[in-house]
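The values are calculated or read from the model by the stated rules, or taken from the named source; none is laboratory data. Here the structure is a predicted model, which means the values were calculated and not measured. With ideal geometry, Cβ positions are generated from the backbone for all residues, glycine too; neighbour counts draw on all protein chains shown. The protein model used for the area step is the full one, side chains on, heavy atoms only, and it has no ligands, DNA or RNA in it. Shrake-Rupley method; radii C 1.70, N 1.55, O 1.52, S 1.80 Å.
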Amino acid sequence: MTDAQPDEFTAAVDEIMTEAGITANRTLIRRILSTGILLGQEDTDRLDLKIASAALVEMRDAFRLFRPYADMPKVTVFGSARTRQDDPLYVQARSVASVLAERGWMVVTGAGPGIMQAAAEGAGEQMALGVSIKLPFEEKPNAVVAKDTHSVEMKYFFTRKLMLVKESTGFICLPGGFGTMDEMFELLTLQQTGKAEPVPIVLLDEPGGTFWKGLEHFIAESLIPAGVISVDDFDRVLVTDSAEAAVAEITGFWRNYDSLRWVDDVLVLRLKHTPTGAEVESLNDEFAPFLAEGRIEYAGALPVEIADNDRVDLPRLSLRLRQREVGGLYRLIDAINALGSAHAVG
């Protein structure tokens, strides 16, 4: 059976949308409604239907939570739910969240105890958002934090992780267990495979801590020699025990770099400030080894960007990046953020 439906079916769905007052994004809404009908027509197992239904409900709840804050930058803080309030890591998480909130960043957490509670406390009631998970064994968050944090509760880890990652443009991971490792490695996988746009990722320890050093050694001594990752795949990550360095990494990543878009095999980098000709030449001198062909060029908005009204007012650089050069892309973004043209304004 194909997904094609008779014209009468499509007309009936369209009538439902019209009666519901839906005027925008009708093609996407029709697809959602039609998929639900197809699941019923295909005699889908009840458990599978419960998973699909609950996931859609949870995503809707989360979209509603985040919608009022769409224009505010957000950083997600990951870490152990078992970290106690007298632990230096708790203090570190609270400190870094407090500084970022003061600089206008909302802090997103898993709305649990430990590091999550510390980050929510640091951000404060108005700047904290939480996406919690129903768990049978872990303890619940502090009642005051649970009350003061704008949050949504989810049943499934996959919908929760989607929202913890989707809404943020910066990530800080403090030491944690399986859950924290899962979240951290998913971030790295999304970056490595290009399924998510570049973002700053910080692995933050307590002052003098060595938790993340073990990961660095494992990557250098096992993963890279085995050839399962590229030599520069971990270059996108800052490992530090300094809250100040973490804040600088999160905020500095967006000093000049704005966003990117692939147009066929051309990578377009949108900037906040126009680079000089000499700066573009300097970038070419430094990053020529990372290019598949051609040069880094100053460019205007491409026709497809204009058609989509996609950041058309911003200056651009275009290039053809070699495959699997994610680490090189991060270094290019760092270089763009360090240009004098970016520091000459503001």
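Side notes on the structure shown:
- Every listed requirement among (1) open to solvent by less than 20 Å² (accessible area, probe 1.4 Å); (2) touching a helix residue (DSSP H, G or I) at 6+ places or on another chain (Cβ under 8 Å) is met by ILE333 save one, (2).
- Any pair with Cβ under 7 angstrom, 6 or more apart, that starts in the stretch 185-208 at a residue that is within 18 Å of GLN323 (Cβ to Cβ) and ends at one that is in a helix (DSSP H, G or I) and at pLDDT below 90: GLN191/ARG236; GLN191/VAL326; GLN192/ASP233; GLN192/VAL326; PRO198/GLN191; PRO198/LEU329; PRO198/TYR330
One line per residue, one yes/no per condition, for (1) touching a strand residue (DSSP E or B) at 6+ places or on another chain (Cβ under 6 Å); (2) modelled with pLDDT under 95; (3) closer than 20 Å to LEU203 by Cβ; (4) open to solvent by less than 10 Å² (accessible area, probe 1.4 Å):
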{"site": "ASP86", "(1), (2), (3), (4)": "no, no, no, no"}
{"site": "VAL91", "(1), (2), (3), (4)": "no, no, yes, no"}
{"site": "SER98", "(1), (2), (3), (4)": "no, no, yes, no"}
{"site": "ILE115", "(1), (2), (3), (4)": "no, no, yes, yes"}
{"site": "GLY124", "(1), (2), (3), (4)": "no, yes, no, no"}
{"site": "SER132", "(1), (2), (3), (4)": "yes, yes, no, no"}
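- Check on ARG94, within 30 Å of GLU249 (Cβ to Cβ), of a type outside the set (Val, Ile, Thr), touching a Gly at 6+ places or on another chain (Cβ under 9 Å) and assigned to a helix (DSSP H, G or I): yes
- Enumeration of residues in the stretch 7-38 that are of a type in the set (Gly, Ala, Ser) and either more than 35 Å from the chain's Cα centre (by Cα) or closer than 21 Å to LEU49 by Cα (or both): ALA11, ALA12, SER34, GLY36
- Considering (1) of a type in the set (A, V, I, L, M, F, W, C); (2) in contact with a Gly (Cβ under 6 Å, 6 or more places away or on another chain); (3) over 22 Å from LYS166 (Cα atoms), the lone condition that LEU39 does not fulfil carries the number (2).
- Hits in the stretch 261-291 - residues which are open to solvent by less than 30 Å² (accessible area, probe 1.4 Å), farther than 21 Å from ALA301 by Cβ and in contact (Cβ under 8 Å) with a residue 40 or more places away in the chain: PHE287
- Across the stretch 203-218, a minimum of one residue is classified as modelled with pLDDT of 95 or more, within 21 Å of LEU329 (Cα to Cα) and under 18 Å from the mean Cα position of the chain (by Cα).
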